[in-house]
Structures are given as structure tokens and as C-alpha cells.
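> One structure, pasted below without further comment.
The values are calculated or read from the model by the stated rules, or taken from the named source; none is laboratory data. No experiment lies behind these values; they were computed from the predicted model shown. Cβ sites come from the backbone with ideal geometry, for glycine too, and all protein chains shown count toward neighbours. Remember, those area values only see protein heavy atoms, side chains included, never the ligands or the DNA or RNA. Shrake-Rupley method; radii C 1.70, N 1.55, O 1.52, S 1.80 Å.
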Amino acid sequence: MDNDQGGRNTSKPLGLGGTPETRSLLHSFMRDIVSYWSPVHEAAIHGRLLVLRNLLNQGWPVNVSTADHVSPLHEACLGGHPSCASILLRHGAEVNAMSTDWHTPLFNACISGSLDCVNLLLQNGASPNSENDLASPIHEAAKRGHVECIESLVAYGANINHYISHLGTPLYLACEKQQLACAKKLLESGANVNEGKGLDCPLHAAARLCNEELACLLMDFGANAQARNDEGKRPVDLVPPDSPLATLFLQREGPSSLMELCRLKIRQCFGIQQHHKITELALPETMKQFLLHTNCAEEMDSEAATEHN
């Protein structure tokens, strides 16, 4: 939350005082130098909106950067302060400014998980896709469990299957970090269920973690349980033989049912943003729930009861 009163004191505010000519000269000079940390950064990172507004009105450059090319907008988004980010943008902050480690304000907003900052940046022209493999906003959101940030990024055209060699796809990373809700959102939005990191698919990650709910979700979306990683192992080979997940893999062996094949085909026809398109169909609610995979847990319980009987 932005702090309108933060940083207020009775001392003289930090600014570019003096005559208008002096302020103009200093303003020009500061645009050309590299600042290590300015009062503008300090106000932005802590959400001190009134202080930030005063500094900008006194002539502090909105894009003053640190030695690592970190701008005040970077800091406002990292701190999750949309009001500060908004005033910086109104004063001309570079929405796609990049630090020396390739971080953009949007990437920082995905670190903090501030949906308001993410939406504000996207509405002001922030690129949803990274220009490199070191700082991908959608990977960061998936890793940290920020489902709504993923939804906004996808709505603005983020590459949902963006592959990074050391991370894999956003779906694979979400599975590695056991972010079930993010994995589901990515799958609903059309992510490739079998694309992971190298030959390691998302189902391998779920199996390695013995995460039954995640494995069920992936297989419901058509994950290939027979896929082999670079060690030649299938997902089932990565779980203890007596684990519930091993039982689930055995239950899912063989060809998929006609119902499952139909569900996969219908979802493939809708492509990206499948979830929103399916909810608008003129179908019975139970059919929509089946197409949306909202009954995975119930199916597992039913299968377990059938096996027991």
C-alpha cells in the first residue's frame, strides 16, 4: 500500500533548491550522471507518495538511475506501490526501462505480486514478453504463485510457452515450485502440458515431488505419462512403488477414455484463454465443469473407491 504520509518531517526537503537557473543546470547535469541512490528511489520503494510528488515537482529527474540502471519505477513496482508507479509514469518514466540484470518494472511487479502495478504497466505499454532469458515476467509470476498476474500477462499477449534453457517453460517452473493454482491457470490458458525443461516434462517434476494433485491435473490436461527424460525415465519411474502416486499412474495406464479424448480435443479447438471461452458456452453446468477440469479431486476419489471395491 502506498504511504501518503511516509517520510514527512520538519526538515528541509531534499530537492534541487536555488534559483531557477541553478535548478535547470542541476537538472541537466543529473540526467547525464549515474546516481547510486536518490531520494526519488527512496520515496518510490517505500511508497511515500507525497514525498515523491514533491521531489518530482522540485525538478528531480523521473528516470534518474542507479549504477545498475535501476529506476524509481523499478523500485515502486518492486515495493508494490501502484500510486507511486502511476505518478512516475505520468511524469514520463520509461515503462520498459531495463536494469543491468535485465529486470524491467514489469518483472519487478511480478516479484512483488502487485496486480495493480502489473495492470498499470501493461496499460501504459509495458512489453509482457522479456527480451532475454534472464528475467521473464511470466516465469517469475509462475514461480511465486501470482495467479492473477499470470492472467493479466496472458491477456496482454505474453508467450505462455516461453522456453528458457535454465528454467524451462512457465508451466514446468510452476510445477517445480508446486504452485498448483498457477499450473492450472497456465493450462487453462493453453500452455503445452508436455513441454518442460529439456526432455523433463511437467509430469516428471510432479512425480519427482510426489505431488498427486498436480500429477492428476497434468494428466487430465493430456500429459504423456510415458514420456522419458534425458535419463530415460518415465514419471512413474521417479516415485516410490508403494506411493499413492504410483497407484494413480497404474490406474491411468493404457489409452485414454473417449470422454477424456473429447475433452482434450474440445479444449484444443479453443486455444488460448480456453477457460473464458468455455464458461460462455450454452452447456449444462456439469458439462462445463468437466471441460474446465474442476472435478479432478472428485474423479480421484471415485477411482480410488472403484479400485477398492
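> Taking all protein chains as present, what is the carbon and sulfur share of the accessible area of segment 35-159, in % to the nearest whole number, probe 1.4 Å?
46 percent
> Can you tell me the Rg and Dmax of segment 106-258, counting just the alpha carbons, in angstroms?
Just the Cα atoms of segment 106-258 yield Rg and Dmax of 16.0, 53 Å.
> Here is a follow-up. Whole-Hz ³J(HN,Hα) for each residue in segment 114-127, computed from phi via Karplus 6.51 cos²θ - 1.76 cosθ + 1.60 with θ = phi - 60°, x for glycine and proline: what do you get?
Along segment 114-127, the couplings run 7, 4, 4, 5, 4, 5, 4, 5, 5, 5, 9, x, 5, 6 Hz.
> Excluding ALA191 itself, calculate the net charge of residues whose Cβ lies under 11 Å from the Cβ of ALA191, where each Lys or Arg counts +1 and each Asp or Glu counts -1.
Local charge sum for ALA191: 0.
> For segment 88-159, what does the alpha-carbon gyration tensor say about shape, rounded, prolate or oblate, given a ≥ b ≥ c as the root eigenvalues, a/c under 1.5 as rounded, and a/b over b/c as prolate? Walk me through the numbers on the way to the answer.
Working: a/c = 1.59, a/b = 1.19, b/c = 1.33.
Oblate.
> Given a 1.4 Å probe, how much area per residue of segment 146-186 is accessible, in Å²?
Working: 1550 Å² over 41 residues.
Dividing the accessible area of segment 146-186 by its residue count gives 38 Å².
> Can you pull the one-decimal nm distance between simple spin-label points at GLN226 and ASN124, each 7 Å off the Cα toward Cβ?
Calculated label separation equals 5.3 nm.
> Lysines within cross-link reach of LYS143: Cα-Cα under 28 Å, excluding same-chain residues under 8 positions apart?
LYS177, LYS184, LYS185, LYS197, LYS233, LYS277
> Do you know the relative contact order of segment 62-120, to the nearest whole percent, from alpha carbon pairs under 8 angstrom that are 6+ apart?
Once normalised by length, the contact order is 38 percent.
> With θ set to phi - 60° and the Karplus curve 6.51 cos²θ - 1.76 cosθ + 1.60, what are the ³J(HN,Hα) couplings of segment 49-66 in order, to the nearest whole Hz, using x for Gly and Pro?
Taking θ as phi minus 60°, the curve returns 5, 5, 4, 4, 4, 4, 4, 5, 5, 7, x, 5, x, 5, 9, 4, 10, 7 Hz for segment 49-66.
> So, one more: Using only Cα atoms, locate the centre of segment 69-96 and the centre of segment 185-200, then give the distance between them in Å, rounded to an integer.
Using only Cα atoms to place each centre, the spacing works out to 32 Å.
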